[in-house]
Every structure is written in C-alpha cells, then in structure tokens.
C-alpha cells in the first residue's frame, strides 16, 4: 500500500479536505482550494459559521455535556450529564470548528477551539484513554459495554476532529497529539494481540484510516482494517437488538445491501472504502459498491434519505419506503455523502455524486432552519398531523418533532450538519489525469493545481439550483490541452455545454477538452424546469402518486399553501397536470381537494415547516376514476 | 348501580361467560349454553384443548416461569426467569384452563389446574400481595416501577383467571379466594386513601370490574373506576416512551381515537366500558364508542388487525396502515374482541360484532398453526422476504418471525389465544327482550333461556365461512311469539332469511319473528362468494391495489402459489378480474407477473406460512398503464 509520506508538511494547506485517499481514480480538490461565494450552499455555510457552531457550543454548556470532561479531569464522581455518546457531540463540534478555522482563519473561533480542546484533553488518562462515561469513579469499567457504550465511536469522532485539525493547521497541535494518544491506546487494546471486539457503533474505522493518511502511520490503517473485518461475525451480544443493528450480521465483504441502523451502515461503509482504497483491496471496494448500488435502487427515498424505520433507526426491506414513517435521519444522509464521495474518488463514477447532491439538497439542507439554530432529526416525506412545537429551552426527543428543535436528547444531527457544512467546499470538485471535474454546482472560486502540478483558477457563477446555467470563467489555466468535466445528474436531459474546445460525453458527465485559455468562459446548461416524477411501481407507499422535482430539488405541498380547511389526505393531482415556476423557488401545480383542481403552490421540501405547525406531503395521489366497478366493494 | 346478587350460587352454570354485565341492551348467552360442534371454530377449540394449553404449560415449565413462583414461595433469591410480566402468562393459562374445564369437565386438566394454582398461591404474601418480580429478597420494592413493572397488570390477569373459575365452578375455590385477597390488597394500596397511581399496562381495570360482577362487592368496581379515571393525567414517568404508550396522555372520557400501545388501549377501553355500564355512566360509554368508531374507520386493517407500528407496538395516525410493517399484534385483535363484545352487549348495535368476526377469522385464527403449537405474534399483510424459521427449542423474539414460533420471550399471544378459544362459545349469541340474537355463525347446539325465563334450544348447522347457508333447527321453543335475529355483516348484500314467521330488517341485522315452534328450521343465507375490495383512497400503503375477500375471510397470495421464481413485488391484477372459488376455501384470481395474467390460487390469510418460508401479500396492485407520459420521469 501507498500512504501519504510521513512526516506530512505542516500546515497542510493543499490537503484541507474531508477525505484524502492516497490513490484512486480522482483526487479531491481540497476545501482549502474552493471558496463558496454565496448562493445556496455558500449562504448556508455562513449561517453555519455565524450561528450553528455557537448554538451547539451554548447548548452543550447548558446541558452539562462539556462539563462532563471537567468532572472526569477532576476525578469527580458527581453525576454525568447526557447520553452515553455525548462526548462525540463535542468532538463533532471540534471538527466543525477546525474546518471553519481552516476556512476563515477566525481567531475568536480559534480561541474557543483551544479552550474546548484543553477541557477535553484534561480528561485524558496518562495511557491515552479518554471517555467521560467509563472508567472513572463510580462508572462502569472501560470497554465493559461495547454494544451500547459508544466508547470507540466517541474515540473515532475525536480522531476525525484531529484529522480536520491536522489538515488545517498541521500535526503540531494539542488535539492532534491527544487523538494520536487515543488511537495508540485503541491499537494497543484492540490490536491483533488485544480484545477481538468491535464497537456497537462504527466510526472508529474511517477515523483510524484517515488518521493513517494524515500521519502516515500504517498501524492505524491496519487497525481500521481489523475492525472492518471483525464486523459480521457475531462478536457483540445483541440483546434486544438484532445483530444487523450493530452491522454485525454479515461480513462487509459478503453483504449485498445495507441493512440495520442506517447511520452505522454508512459509517462502516465509509471506513471499509478507506481501508479498501489504501490496501488495494478491490474485492472489499466492490462489495461496498454493490451494497451501495442496491441500496440506492431499492432502499433510498426520493430525497436521498436513508432509513425507513423508526424501529431501530434502520433500513427497511427493499421497496419499504413509507412517506409518513420515513425515518430518513439527517445523520444517515450525511453518512451517505461520506460514502458517495469516497466511492466517487475511488472509482471516478459520477453517479455516486448524484446521491451526494440529492442528500445535500433534500436532507442536509432540510435539517437546519433558515437561522441555523433548530434542526430536524428525522425527515419524513409526509406529515399527516400538525405537531406540537419543539421545546425552546429543553432538549427534545429525537424523532417526535414535526417542528425543528433547537436541541435533542440524542443530538447528533446539529453537530453533524455543522461539520458537514464547514467542510462542504471539499465536495465540489476533483482532478483527474487531464483536468478538473466539477461534481456540485455552486458559485465558487477555485484555485488549485492539476495532477501535473499546473495551476488552475476558475470562477463559477450560477443561480443553481433554481437556475440551470453554470458559467465557469477561466482565470488561470495551463497552456496545454486540459479538460473541464461536469457531472450530468441522472434527471438532466438535454444538457448543453458551450466553450472553446471539444465536447465529450462520458458516463453521467460531459466535458470540454482543449487548450482553453484564461479569460474564456465555459457554460453548462442544466434543464432545471419542474418535472413530474413517477415512483417505482414496486413501492407500496407511493403507488398511484407523483412527485414534483426541479433540478435537484424535491418539492412538497404544505398545508399552509392549501385552501384553508383542506385536508392534504384528500389532495390529488389531475393526470397530465404540469408544474410551472412561480416566484423564486416556488412552483405551482394544479391540485384538487374535491372535484376541481386549482393551481397550488409547492415549495422545496427543504423549506417545509418554516411557517409554523403544518401537514405536508411530497408524493401526491394522481386523480383516478374513483368509481368502484359494480359488484366490487369499498372498504372503509 | 345494580350488581349481581351476592353470594352467587355455585356452580354458576348459567353465567359461564367471559363478560357478564348486570345491565345493557343485550344479555350474553353464556358459553356454558353454547356447544360448538366442529366447524371452523369448534375444530380450533378442540385443538386448543388438546394441544395449545399443554403446549403453553410445557413451555412455561421449560423456561422456568412457573418455577418463579416456587422461588418466591421459598424466599429463594436465585435468579428469576423471564420478563417482568411472565406471571401474567401463567394466569392467562389458568384462565384458559378454567374455561376449558368449565366446557368439558376434564378431570385431568382439573388436576393440572389445581397443581398450578397451588404453586401460584404458595407465593402469595400474607397481606395478599402476589408477584415473583417485586418485593422478594434481592428484588425491587413493591410498586417501585409502575411504569414498566406490570404488577397490577399481572394482578389483573390473576383476577380474570379467578373470574373464569368462579363462573365455572363457583366462588368456593382456592384461586378465587387468592385473587380476592390480591384484589383487596390492590384496593387497600391504590384506593382513594392510597397511592394515586396507575399501572403502565391496563388490565386491572376490566379485571376488578368483572370481579365486582362475580362477587357483588362494589369496592372492586369503585377501584376499577378510580383506575380508569386516573389515566390521562400524566401520573406515570414516561421516560423514553410517550405518555400515550401507557394510555396516560388523554383522560378516557376526553379521547377521540385510540392511540399509543394497541393492547393497552383495548384493555383500558374494555375496563372503561365495564365501569360505564355498571355505573350508568353514559358519557364514558359514548366516549369509548366514539374512539372505537374512529379507530375502526381510520386505524384498523382489513383483517381487523390493530396497531400499525412496530415502534412501541402502537397505533399509527389515521390512514397509516402499512401492509409490510403492520404490527397487528395477535393480542390487540383479542383486545378488540373484548371491546367489541362489551359494546355490543351495552348498545345492541350489531356493527360492533363485525369487528369481532373480522378479527377472529383473520387475526386470532391466523396466530396459531394448524397443530396449535406455534404462533404469530405480529400479523403483517405483506411479507417481502422469506424469513428464517423460528427456533424450535428456544423462545423467539416477539416480532421478528415470518414463521410461527412455538414460544416467545414476550409470550402473551399463545396464552391469550388459548383463553379466547376456550371461551369462544360465549361470543356467539345473546338474548334481547323478544328472543335470541345470533352474532357469530358456527355449527353449535344452543340450550339457553330467554329473557322471560322460557327455555330455548337450537341446533345451528353451517359450513360457514366457506358456505353462506346457516340452518337453525328449533328444538325447544316458547309457545308465544319470539324472534331469532342474525347479524348481517357489512360485506353481505342480498341476505335472505326463510322460516315460519315475519322477516324484519334492523340495523345490520335481520330477524324472524313469530311463534316459531320446535321442529321448524330457519335458514339464513349469506353471500360468501368471493369479492374484490377496494381500499380507502386516503391510505398510502394500498393505493392502486385491491384485496380479495369471501365472506369474513381476507385472502392472500402466497409465493408458494405463484409461478416458480416469480417475485410477488411484480404481481398485478388485471382491472375487472374476478376471483372464483376453487377447492375448499381456495380461490383463483388472474394475476400477472409480466404481461399476461393467469389464474393463481389465493388462500385465506389465516392459513399463510403453513407450507414453509414464503412471501405473501393481501393487497395486490391493479394493472395499470405503466407508460410514463412523455416529459415525465420515472424514479428508480
């Protein structure tokens, strides 16, 4: 295997990226090379920076989750606060802060980071172990509950925070050193000569693989590989859960489809891809890609959401995709971005980026409200009863809200969203042997180097996703022939590409190749006019319905846009009805609540529930002849 | 209020009935007056007697659940076996045995009953308290966990067993005396001057009301009323559950629809009806009837199954009726029989008996296999993957099986089915002021007295539900004018009634009135030819589908009847296709798995999964023009 050379030069400005494989079809254009300049995602990244990160920090002080580290540091046996995995939220927030500091150099945020990092590291034992939940006075023994204790899961998130830190400011950092001590402890405890066990919640796997990439220390990669291989052999005691919940039912390389807890499945898959890529294990890579593909075809919502069941927050069977009971956890969508991005880099297949786009626009963008201070944990495609507003001053139950909540008892989604948005520029583009590939369309400045080291600077201007025109101005370019390639989303028919060069069509992509000089402009036009989408006929929950989409956005009908007193359960769409654009991102569609249909506003799904308590549905029944044939019967 | 006179004469041969209200529109014809003579239910009752009861006894010895009583009796601190509610299974079995002994006078079963009763009562404390889970050495304090401990739930089932015993052999019985001591203890602890609390699982409510009926002791009725009224005031600490789970969200008299845990909802409703009837509380009765009606219209499966969610075994929202994830717990259907029967007796409205029939034929009959020794706990209307056979020698998880299991970790359904089948004759008929009412159609001998004390003897002959002809021969009758009335199921059009008298049509019923003498025969003909049923258009899960029914039986397509290799996910029914009768209870329906349809066998839903691991569906998509209009898009 080939790893990043060690020691890695610091600061790692050319590697400010969420995932940095040492090999693969594509090489990520680092987040540090891409500046999102407003637009759909740039605006959200700013709100994340200005509001969400501090919101999370405040709540974790209020709930005492940060103070847990002080208790552990002081050997204080006072009751700890929060759930067993609360430490991980602090780590995910540290990761978000690290990316954000790397992005903007914000010195006030750096001070907050340093302070939080100090409090965390003060709780670390001399042997590297770090947990506020186990091993302290009056607490259960270390590693006495790997099924439910989340110790290695938390360790994994700490390591990921350190990886972000290393990639933004370098290895000479206290949090990085602390995380390396944690990793060394994990290797000592769970290595080939140690406990042959896994954690009930994967996360340590991708974390260790990424730490190996950052440090060049192969021990971490070997440990990640060991953990990946140990899954599926029944090493955990399932108790009331099924082994699939812990991803312990089938060895990763034998799986055919993702099952069990959706977030766990995604995190393990991410780790398995990292291991496969770094060790050249094509069988393992193919196994994950096979599971991914089947899951996208049969177990993924139109929104890109994953996880059909509240029960154990899990995938359902094939075609089990209820709208009302969709769990579609925000964190599972984030996990799918992690997996899609890794598969894209490893294989070069643009279709993997389709899922990233779908999940980002329709789940990740749905979770936070416009202010960035309240969140959805679950993301159903239908809401049949208006819900009670979430509590403003107390953590909410995770899956009960029909309104976004400021904080949850299990509060993984806010911090997960924060770290994703802070590093989002890292998912925009990659380079291949001949040029640059644009995977996500957003206004941005890109200042990077191509595979041969030649500098490339581009300015991307677009009103995407409402506007399908993506204009790329070349500011600096090699003098040789090079290429700029764009993903063609699966929904996009009749894409056009204009510019000084030869247009080439590839699998789910379109490219311009030539000696495109600085000063030239390349224009991609994607057809984002609204469209009607019909469901796969095997899905019970949406048979006889249609959805409306425009570009990557899934639309919904919210009760506040329906006639007063109308029941969304009675809504239907005339056959042949066509959606039209209204103001901004709003669409209008003829919808009937009785005999005759009238134009009704639809809004992007990601904006629902921002106007108060409401009902909502994405899939709308097609009007049909409701007459029951003679001799047949209606059941009520 | 009027209660049954005390002391009640022993043996209570004229009151061998599951529910004996002191007032109401109808008076039950006791189980002791009705002998099921073979047929659909008589055969099942025999299998229950010969196989199921002993099966349950054997398993509860094997699992150590019965031995828990020995531990408690001996003050032995050795670990107890089974879940916190295991005692209740022994009590439900005692109830089943009591009904069965009352039915047949089986002396061997009486010995087993006595032995089991002795072991149970040996564990009773001098103050009447009886539990193997609380209050013993090393055990939690009595009533320290009313949310989850099921102490009063267990006490309720013990009392119900004693009520069955009192109604079959009289009050002079050890189990009856023991249960009265339990009830006195409950009244002392939870009475007006005691703890103002409820149990997390209702059951004590109907039990105490029934004990009041048996003993004439009004204290038990007052205590039942107190418990009913205490629900819905947030007296329990919900923890991870929602208050609705415990039926503690809304006071019973304020409810509009059943919600939360389906079994809990049914048991509480049964208790509330008992209290309402005995105290003349019409407001309470109306409140329960309102919730029941809404639940039947919007939250009940075609099978009569209740409870849409695996999550907390609960009702869903209106129209949330997924086929694949239907929980439809066997015990919830039994609970619905308890509620329907009580409402029928109280109001005289035959429509309440429709739900009893639907739930009996399609859920209660589905739970046990043909041998009566393995059971379904959940009863989904679609199974998309063949399941792993249940363990033969160990308890199975309750809701994971696609095959019937001999025993469960939570094993409420086998014993609940056993007590229901043993007392089933008690749900067949009632008397009103003018004669007899037949609610359920089964071959039987009925030997009872009418309201005025005049004897009536009938022989019912029928091949129902496959044959719609119900022939009633009058063996003994009053010489005056009397009436025999039959329920007309909601699915039955063009019912005919022939016999010597005047035919009268009522609400969901048809009656013959006259001085019908002994020797005459009355013939009811119900149209049980197979029919196509269309779903309520508001239900997402079955839109665009049809089901096939014949009489009270819901039919299903099981993969063993489909072409080899065919995927039921691809099945569709041509518009206008008509089901035809095949051999016995089998139907044939044209079903397509590709372009063309061919006749395919459907079997009664209650017989599915008897031929090995399979997939199955009740609702079948109608064939439709699958062509997506130009410009519209298919999502895969």
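Structural remarks
- In summary, residue B:596 fulfils each of the numbered conditions (1) surrounded by 14 or more Cβ atoms within 10 Å (Cβ to Cβ); (2) over 30 Å from residue B:330 (Cβ atoms); (3) out of contact with any strand residue (DSSP E or B) (no Cβ under 8 Å at 6 or more places or on another chain) with the single exception of condition (1).
- Residue among A:199, A:217 that is in contact (Cβ under 8 Å) with a residue 24 or more places away in the chain, away from chain B (no Cβ under 14 Å) and surrounded by fewer than 24 Cβ atoms within 10 Å (Cβ to Cβ): A:217
- 1 or more residues more than 30 Å from residue A:476 (Cβ to Cβ): qualifying strands (runs of 3 or more DSSP E) within the stretch A:355-460: none
- Those residues of the stretch A:540-562 which are out of contact with any strand residue (DSSP E or B) (no Cβ under 8 Å at 6 or more places or on another chain) and surrounded by fewer than 23 Cβ atoms within 10 Å (Cβ to Cβ), in sequence order: A:560
- Here the condition is being farther than 23 Å from residue A:337 by Cβ, away from chain B (no Cβ under 14 Å) and at pLDDT below 95; of A:280, A:234, it holds for A:234 alone.
- Options A:584, A:612: the member that is surrounded by fewer than 17 Cβ atoms within 10 Å (Cβ to Cβ), touching a helix residue (DSSP H, G or I) at 6+ places or on another chain (Cβ under 9 Å), more than 12 Å from chain B (Cβ to nearest Cβ) and outside any helix (DSSP H, G or I): A:612
- Scanning the stretch B:324-338 for residues that are at the interface with chain A (Cβ under 10 Å from one of its Cβ atoms), crowded, with 24+ Cβ neighbours inside 10 Å and in contact (Cβ under 8 Å) with a residue 60 or more places away in the chain gives a single hit, B:327.
- Unmet requirement for residue A:496, which otherwise passes all of (1) surrounded by fewer than 16 Cβ atoms within 10 Å (Cβ to Cβ); (2) more than 21 Å from residue A:442 (Cβ to Cβ); (3) more than 28 Å from the chain's Cα centre (by Cα): (2)
- Among the residues of the stretch B:292-315, the ones that are crowded, with 24+ Cβ neighbours inside 10 Å and at the interface with chain A (Cβ under 9 Å from one of its Cβ atoms) come to 1 in all.
- Hey, residue B:137 in a loop (DSSP other than H, G, I, E, B) and more than 23 Å from residue B:248 (Cβ to Cβ) or not: yes
- Assessment of the stretch A:418-429 against the conditions (more than 14 Å from chain B (Cβ to nearest Cβ) and at pLDDT below 95) yields no matching residue.
- Candidate set from the stretch B:159-191 (those that are part of a helix (DSSP H, G or I) and more than 16 Å from residue B:220 (Cα to Cα)); member that is farthest from the chain's Cα centre (by Cα): B:174
- Pairs, first farther than 24 Å from residue B:431 by Cβ in the stretch B:450-470, second crowded, with 21+ Cβ neighbours inside 10 Å, C-beta under 6 Å, six or more apart: B:465/B:551; B:465/B:552; B:465/B:553; B:468/B:526; B:468/B:528
- Leading residue by the ranking (nearest to residue B:615 (Cα to Cα)) among those in the stretch B:539-581 that are in contact with a helix residue (DSSP H, G or I) (Cβ under 9 Å, 6 or more places away or on another chain), more than 14 Å from chain A (Cβ to nearest Cβ) and free of Cβ contacts under 8 Å to residues at least 60 places away in the same chain: B:558
- Taking the numbered list (1) in a helix (DSSP H, G or I); (2) within 17 Å of the chain's Cα centre (by Cα) in turn, residue B:312 passes all entries but (2).
- Tally, over the stretch A:489-538, of residues that are in contact with a helix residue (DSSP H, G or I) (Cβ under 8 Å, 6 or more places away or on another chain) and within 17 Å of residue A:464 (Cα to Cα): 2
- Matching residues in the stretch A:481-493 - criterion: being within 21 Å of the chain's Cα centre (by Cα) and more than 14 Å from residue A:430 (Cα to Cα): A:488, A:489, A:490, A:491
- Residue match in the stretch A:353-368 (condition: surrounded by fewer than 24 Cβ atoms within 10 Å (Cβ to Cβ), at pLDDT 95 or above and over 16 Å from the mean Cα position of the chain (by Cα)): no
Yes/no matrix, rows are residues, columns are (1) out of contact with any helix residue (DSSP H, G or I) (no Cβ under 6 Å at 6 or more places or on another chain); (2) assigned to a loop (DSSP other than H, G, I, E, B); (3) modelled with pLDDT of 75 or more; (4) within 16 Å of residue A:447 (Cβ to Cβ):
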| residue | (1), (2), (3), (4) |
| --- | --- |
| A:2 | yes, yes, no, no |
| A:7 | yes, yes, no, no |
| A:21 | no, yes, yes, no |
| A:32 | no, no, yes, yes |
| A:35 | yes, no, yes, yes |
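The values are calculated or read from the model by the stated rules, or taken from the named source; none is laboratory data. The shown structure was predicted, so the numbers you read here are calculated from the model rather than taken from an experiment. Heads up, the Cβs are rebuilt from the backbone with ideal geometry, glycines too, and the neighbour counts pull from every protein chain shown.
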